1. Would you confirm, using the coordinates I've provided, whether LYS145 is basic (Lys, Arg), surrounded by 14 or more Cβ atoms within 10 Å (Cβ to Cβ) and assigned to a helix (DSSP H, G or I)?
2. What do you reckon, is GLU110 under 13 Å from the mean Cα position of the chain (by Cα) and in a helix (DSSP H, G or I)?
3. Considering only the stretch 19-76, state which residues are free of Cβ contacts under 8 Å to residues at least 24 places away in the same chain and either buried (at least 20 other Cβ atoms within 10 Å of the Cβ) or in contact with a Phe, Trp or Tyr (Cβ under 6 Å, 6 or more places away or on another chain) (or both).
4. Just to verify a result, which residue in the stretch 82-101, among those that are under 16 Å from the mean Cα position of the chain (by Cα) and without any contact (Cβ under 8 Å) to a residue 12 or more places away in the chain, is surrounded by the most Cβ atoms within 10 Å (Cβ to Cβ)?
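Please treat every number below as a calculation from the coordinates, not as lab data. This structure is a prediction, so every number in the text was calculated from the model and none was measured. Here the Cβ is made from the backbone with ideal geometry for all residues, glycine too, and neighbour counts use every protein chain on show.
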Amino acid sequence: MAELTNLESKLAEVIGLAAAAKGATEKVKGMLDDDGRDLADTLQRMHDQAAETEERGTEVAGGLDGKKTAILDQAREVRQEATEMMETYLSGEEDALDGFEFLTMAEAGEVGHWKIVEKMSERAGSSEVKELAEWALPIQEEHLKTVLDGSLALAGREDPNAEAG
């Protein structure tokens, strides 16, 4: 298997996180009750953008001479790890607020990863990866804002004095 550079490894991570985000948005969308249905379209848009991000990242990986397989293998590992983290965090949870809290953490992590990819691609002189990061970073920042706003909207609907269940 080809050895990956630090930048290629980070590219694999963001591809894997995008793949995991598709599953996370589906999971959280399934946690919405009638009061949270206004957020379902938002989660679907995020799902679709995660799919496009994964696709674009895979295309960029394909342009890295002899590294696509190794990058995608690492991306699959990252997806699996992120999915396991989601399953652990949301185990036994049915409340959409818990789902949105998880998405807030996940999206913050994705923003951080994309900023790292952007910085490394600048230093490496990799225009393809840099262009991908410049495209993806505003989307990820919007996702973070969206899920934080969704978390706050759901929290505003909760009775703060009710027993936690």
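1. On the way: basic (Lys, Arg): yes; surrounded by 14 or more Cβ atoms within 10 Å (Cβ to Cβ): no; assigned to a helix (DSSP H, G or I): yes.
Answer is no for this residue.
2. Working: under 13 Å from the mean Cα position of the chain (by Cα): yes; in a helix (DSSP H, G or I): yes.
Against the criterion (under 13 Å from the mean Cα position of the chain (by Cα) and in a helix (DSSP H, G or I)), GLU110 qualifies.
3. LYS29, LEU43 - these are the residues of the stretch 19-76 that are free of Cβ contacts under 8 Å to residues at least 24 places away in the same chain and either buried (at least 20 other Cβ atoms within 10 Å of the Cβ) or in contact with a Phe, Trp or Tyr (Cβ under 6 Å, 6 or more places away or on another chain) (or both).
4. Here the answer is MET85.
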